[in-house]
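What follows is a single structure, written as structure tokens, with notes after it.
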Amino acid sequence: MANTPRFTIVEGSPQQLAYKWVGIALFSLFLLLIAFAYNDTGSLTLLGNDYTISTPRLTKAIAFIICILGLQVVAGFTGQLSLGQGFFFGTGAYLSAWLVADHNWSWFATLLVVVPACFVLGMIVGIPALRIKGLYLALVTLGLAAIFPSLVQLEGLKPYTNGAGGKQVSSDLKAPDWLPLDGIAAIFQKIPLLGQYFGDGDLSSKESDRVWIFFLMVVLAVICFKLVSNLVNSRPGRALRAIRDNETSAAVTGMNLSLYKTLSFGLASALGGVGGIVYVAELGIASPGDFTQLISIYFIVGLVVGGVGTLSGAVIGGLVITFVPDWASSTQELPVVPERWLSGPTGPLIMGVLLIVLTFVLPGGVVAGTRKLKAKIVRIVPRTPDGDIAEIVDVDELLGDDAENELAAPSV
Amino acid sequence: MDLFLNRVFDGLSNGATYALIALALVMIFKATTLINFAQGEFAMIGAFIVLVLATERGVPMWIAVILAMIIAGLGAAGIERTLIRPFDPADHLPLVIITLGLFLAINAIAGIVWRFDPRRFPELFPSGNALTIGSATLTWYTVGVVCTTLITASLLTLLLNKTKIGLAFRAVSSNLESSELVGVRVGPTLQFGWAIAAAVGALGAAVFVANPVLQLEPTIMIRVLIFAVSAAALGGLDSLWGAIIGGVAIGMVQSIVVPYTPIPNELALATAVIVLLLVLIFKPAGLLGTAAVERV
């Protein structure tokens, strides 16, 4: 066989469980390390430019990750392109900022309002476009995304949104006293050689709040991922994929196309709203300039970079759209590149080029690329009834090279 | 009454420019049922080329416009050949993503090259008023824009109905696979569609920013694109004359309906979205478009 994996693990065996749990443990440890390492001081030197990766930026990335997760549901699994995720992102952000600042709600209580509100709003604007086959959802949502900044700056809404100045809100998310954050930081600081990367001394109260918010939002994101992954692996999830792959045959098998399409768009919008809560809880301000159509298109970039139709792709996409434009705009000099090109909108340029190049080179995104690599090392095979290891059948070889591309790039 | 007439004239000049961008969108939609989200940015680059040629090289205005149309057309043909043709025209997602990438990249490049400060655009039509009714004035600009749009749509109709390449284009837009079977070279025909669309778009952007109250800057076409999308959907996404009617209708809604209703002025763009939603609810095929009928 052309590419025999180094290890073969039978599904459901102790090895597979160990493999799974070691992966989860390593990921959690990584999160812990990164939260403390980049708390305040951590900076990354990339091509001669210092660039700060701080915990607040990571929390912002979580906000984007949840929004892209929503896009994965509607674009990745249902095949309906939405260019208006920024609209729901903004709605969630403003709604929660208003509830917390003016009505003293707690951040997580706003979920109870934001999620249903964005869900229903998404359904209402989604129904007309989703009844019809084609790119209509993209057209409608592009318009929505473009009107959002002027919508929140309307005279009538000024008392609630504070117009162009942005809605400020102070965070009430304080690290609880029982949590030994200082102790954890001290342990990390004692690690030989690496200890210097974790700052020195106790965390200030601001720093421990940041770490606390980061972990709270990680938990929220994990819950969102779990819910979405349960959905896509269940009966409605299969219906969504059937619609993506062939609308006509899905209709013929008795699926209610517009119902499923609208529900998935509503769910995507609700997740956009959740992302908005995370964003404003971290940043402390919702301002109209943050919710232009640019952010909606960045979400599409995140979707494509990570891989359309893969949940873990949302994580990679969120990190890319958080860090790449920021890095580009904080970089003022690079060797070879003329200065004029760096002082302009370099971030959007990189994102645009990335979008085009990835569609050519890696249509399945980063996740599809790493899956291919991983398949060369470890392969998990299903257990056969008599307990033997099933014969490994290379799906790629059976179906030809195009198979993977078709699975990864659904048609609209 | 005079105020009303003034608003009608405003609506005409805005609507006629939306119609030109909508025409460009329709050209590409007709052939491949794809919406080119970078159409507005192509057009914006065209307007900048006109500005550079006219102010820095001293080329006469209309010759500069024609040169810009040719350059935009060639550029779009090149983009079609390198970035669009490698993909299956029936699979929309990668193509739409490419056009979104073009949207970001072209806008950023324009921002880097020309910066974001607004620039005065030289006059394309004589200044002054063609007609004065009471205190309502019809400017030569409005007359010029409406004539430009009508002439462009007529020339496009002639091109599609009387020339060989037009026949090929109509064949491809009617049925891509069958036309390939009878020997139409599909690739170059679609490339021709992209080139024509970009040229019409460049003309549209040039006449749009030639409006004495507007200035040229890299972000100006984003709003126009949304109005144009709505206009194209209202007219029927595959109908050239539908795009004209849709454009004028959207322009009228913006300048007549908005002032007489409590809709605030800043939300003029929202009317485009509302019209689009109404079209999708009541007449998805648009006014002059062909209804999609699918054989299972």
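The values are calculated or read from the model by the stated rules, or taken from the named source; none is laboratory data. Since we're looking at a predicted model, the values are computed, not measured. So basically every Cβ, Gly included, is an ideal-geometry build from the backbone, and we count neighbours across all protein chains shown.
Quick one: in region A:294-307, which of the residues that are crowded, with 24+ Cβ neighbours inside 10 Å and over 12 Å from the mean Cα position of the chain (by Cα) is nearest to the other protein chains (Cβ to nearest Cβ)?
We begin by selecting, within region A:294-307, every residue crowded, with 24+ Cβ neighbours inside 10 Å; these are A:296-307.
Next, from what is left, pick out any that are over 12 Å from the mean Cα position of the chain (by Cα): A:296-297.
Details: A:Ser296: 10, A:Ile297: 6 Å.
Among residues in region A:294-307 that are crowded, with 24+ Cβ neighbours inside 10 Å and over 12 Å from the mean Cα position of the chain (by Cα), the one nearest to the other protein chains (Cβ to nearest Cβ) is A:Ile297.
Taking A:Asp245 as the residue in question, decide whether it is of a type in the set (Asp, Glu) and out of contact with any Pro (no Cβ under 7 Å at 6 or more places or on another chain).
No; evaluated as a whole, the condition is false for this residue.
Please work out which one of (1) surrounded by 15 or more Cβ atoms within 10 Å (Cβ to Cβ); (2) closer than 14 Å to B:Asn6 by Cβ; (3) among the hydrophobic types (A, V, I, L, M, F, W, C) is the condition B:Phe121 fails and give its number.
For B:Phe121, the failing item is (2).
Looking only at residues in region B:1-27 that are β-branched (Val, Ile, Thr) and buried (at least 24 other Cβ atoms within 10 Å of the Cβ), which one is farthest from B:Phe103 (Cα to Cα)? Explain how you work it out, then say what you get.
In the first step, residues of region B:1-27 are kept if they are β-branched (Val, Ile, Thr); the result is B:8, B:17, B:21, B:26.
Subsequent filtering for residues that are buried (at least 24 other Cβ atoms within 10 Å of the Cβ) retains B:17, B:21, B:26.
Numbers: B:Thr17: 20, B:Ile21: 15, B:Val26: 18 Å.
So the residue we want is B:Thr17.
Condition check ((1) modelled with pLDDT of 70 or more; (2) of a type outside the set (Asp, Glu)) across all residues:
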{"residue": "A:Gln168", "(1), (2)": "yes, yes"}
{"residue": "A:Lys174", "(1), (2)": "yes, yes"}
{"residue": "A:Ile184", "(1), (2)": "yes, yes"}
{"residue": "A:Tyr197", "(1), (2)": "no, yes"}
{"residue": "A:Asp202", "(1), (2)": "no, no"}
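Which of the helices (runs of 4 or more DSSP H) contained wholly in region B:211-296 include at least 3 residues that are crowded, with 20+ Cβ neighbours inside 10 Å and within 9 Å of another protein chain (Cβ to nearest Cβ)?
B:220-235, B:268-282
Would region A:318-325 turn up any residue that is at pLDDT 85 or above and closer than 30 Å to A:Glu247 by Cβ?
yes
Counting just the residues of region B:55-94 that are of a type in the set (D, E, K, R) and within 25 Å of A:Ala138 (Cβ to Cβ), which one comes out surrounded by the most Cβ atoms within 10 Å (Cβ to Cβ)?
Ranking the qualifying residues of region B:55-94, first place goes to B:Glu80.
For region B:33-77, enumerate the residues that are away from chain A (no Cβ under 14 Å) and part of a loop (DSSP other than H, G, I, E, B).
Listed by number, the residues that qualify are B:Arg57, B:Gly58, B:Val59, B:Pro60.
Give me the helices (runs of 4 or more DSSP H) completely within region B:136-189, filtered to those with at least 3 residues that are under 28 Å from B:Pro126 (Cα atoms), among the polar types (S, T, N, Q) and in contact (Cβ under 8 Å) with a residue 12 or more places away in the chain, ordered by residue number.
B:140-162
Identify the single condition in (1) modelled with pLDDT of 85 or more; (2) over 24 Å from the mean Cα position of the chain (by Cα) that A:Val120 does not satisfy, given that it satisfies every other one.
Among (1) modelled with pLDDT of 85 or more; (2) over 24 Å from the mean Cα position of the chain (by Cα), the lone unmet condition for A:Val120 is (2).
Any chance region A:75-94 includes a residue that's in a helix (DSSP H, G or I), buried (at least 22 other Cβ atoms within 10 Å of the Cβ), in contact with a strand residue (DSSP E or B) (Cβ under 6 Å, 6 or more places away or on another chain) and modelled with pLDDT of 75 or more?
Yes: one or more hits.
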